[in-house]
Every structure is written in structure tokens, then in C-alpha cells.
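Visitor: This structure is in C-alpha cells; I'll ask about it shortly.
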Amino acid sequence: MDRFRGYIAGLGTSSGTRLVVGHWLQSPLGAFTDVMVEDDAGVRTLLAPSDAVARYVGGTYRFDRTVVSPVDAALSPEFLRVAAGPLRLEARLGPVTLLGRLLEHVPGPLAVAPWWLRLVNPLAGLLVPGVRTAGSAGGGRREFYGVRSLRTLAGVTARWDGSDLGGLRPVQPPVKFGFSSVPAAPQIVAVTTTILP
């Protein structure tokens, strides 16, 4: 069983580019940040800080290309900042949502238990369309998302190869990296991701 504990931020931009940032504090690969990018043409790019991360994440999700380069990231109560290959990103964090406050009251061991996440998977899709808490990962593995809290994103500044990606927008259309998209509303979640063989 592999567990990744940290944060996932999902957001869209007015250029049509959608971004998913995984900021992992603990994982089998150590602490790291990776970025999944889908442009307006549907081209999916992984920005990974090492070959090991590129192999693991690339074996779990689907990408059209991978860029291995240093990924510098910092998360504070106010901002998420990422510099990775061609990407420069600064997202301003908003308040914890009502759903986020409710999730904070779920006991920790229960919130990340695969059996619980299988059980609540249908409800998750009803509460947040396009989102699932249990599904298939690459290589025949199973993946589970245990969300512990949720905050909105209030604004973004993002550039790709020096070009402005535009203002903050919903994640529309949904991203197609794996079995679940991130929520359409731009947000950052505290999450434990579990991957089983």
C-alpha cells in the first residue's frame, strides 16, 4: 500500500489550460510537488521533479508528454506558488468551504480508509459532479482519495513559457488524467491518496 499525504489544487484558466498540482508532504518517494497540465487542445503534460516521480505518476495516470525538471513549490495559508519547467504559478487561497468544514469532522482513520471511500464514492459524485473517491489506477491498481478539508482558490497568476494563461476559471472541460477529475470549482484540498496493488 502506497500513501501520499498532502494537497491537491485544481484550477482552470481563461486560456483553456487546466492545472492540477499535487503538493505531497509525505509519500513513498519523499516530499515532492508535481503538476498535471491539460491545454485547450487536450494535450496532457506531466511536470515531474525526478525520473522516479515521472515513472510512478506516469504509471498511475495518462499523459501525452512528460517534462522532468526542478519543481519549486511553497504553500502558505495565503498562497500556493509553483515554478516547474515552463510553468510559473501563484494561486491565492480563499476560505474553507462548508463541505470542507464538514469533512474536517470526519475522524482521520475513517476519512482515509479504502472501505469507507468505496462506500461514499457514489455520494461524492452527487455532491461534487465528476469527482470520485475510489477507482482504478494504472497497472491494475486501485486508488482512493480521502479528502480532509477543502478551500476555494480566489485568484491565480500563471504563465507557460512566458505567456499569460489568463484569469481563474472553472476546470471545464474536466481533466482526463485518471478515473476522476478535480472539482469544477477551483479549489485546494487536504488529501491522503492511497494506492493498492
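Visitor: Would you mind listing the strands (runs of 3 or more DSSP E) fully within segment 31-78 where at least 3 residues are open to solvent by 30 Å² or more (accessible area, probe 1.4 Å)?
Guide: In segment 31-78, 65-68, 71-75 are the strands (runs of 3 or more DSSP E) which contain 3 or more residues that are open to solvent by 30 Å² or more (accessible area, probe 1.4 Å).
Visitor: Which residue is farthest from the chain's Cα centre (by Cα), if the candidates are limited to segment 147-172 and must be within 17 Å of residue 98 (Cα to Cα) and of a type in the set (Gly, Ala, Ser)?
Guide: 154
Visitor: I'd like the residue in segment 28-79 that is among the basic types (Lys, Arg) and touching a strand residue (DSSP E or B) at 6+ places or on another chain (Cβ under 8 Å) and, out of all such residues, is farthest from residue 15 (Cα to Cα).
Guide: 62
Visitor: Oh, and also: Can you say whether residue 93 is hydrophobic (A, V, I, L, M, F, W, C), over 27 Å from residue 44 (Cα atoms) and open to solvent by 20 Å² or more (accessible area, probe 1.4 Å), as far as the supplied structure shows?
Guide: Here the answer is no, as residue 93 does not meet what is asked.
Visitor: If we keep just the residues of segment 9-26 that are of a type in the set (S, T, N, Q) and part of a strand (DSSP E or B), which is most open to solvent (accessible area, probe 1.4 Å)?
Guide: This residue is 26.
Visitor: Now, a different point. In segment 1-30, what residues are more than 13 Å from the chain's Cα centre (by Cα) and touching a residue at least 24 places away in the same chain (Cβ under 8 Å)?
Guide: 1, 2, 3, 13, 14, 15, 16, 17, 27, 28, 29, listed by residue number.
Conditions tested, residue by residue: (1) touching a Cys at 6+ places or on another chain (Cβ under 6 Å); (2) surrounded by fewer than 18 Cβ atoms within 10 Å (Cβ to Cβ); (3) under 22 Å from residue 84 (Cβ atoms).
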position	(1), (2), (3)
130	no, yes, no
133	no, no, no
146	no, no, no
155	no, yes, yes
158	no, no, yes
164	no, yes, yes
167	no, yes, yes
176	no, yes, yes
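The values are calculated or read from the model by the stated rules, or taken from the named source; none is laboratory data. Note that the structure is predicted; figures quoted are calculated from it, not measured. Cβ atoms come from the backbone with ideal geometry, glycine included; neighbour counts cover every protein chain shown. Heads up: the accessible areas ignore ligands, DNA and RNA and are worked out on the full protein's heavy atoms, side chains in. Shrake-Rupley method; radii C 1.70, N 1.55, O 1.52, S 1.80 Å.
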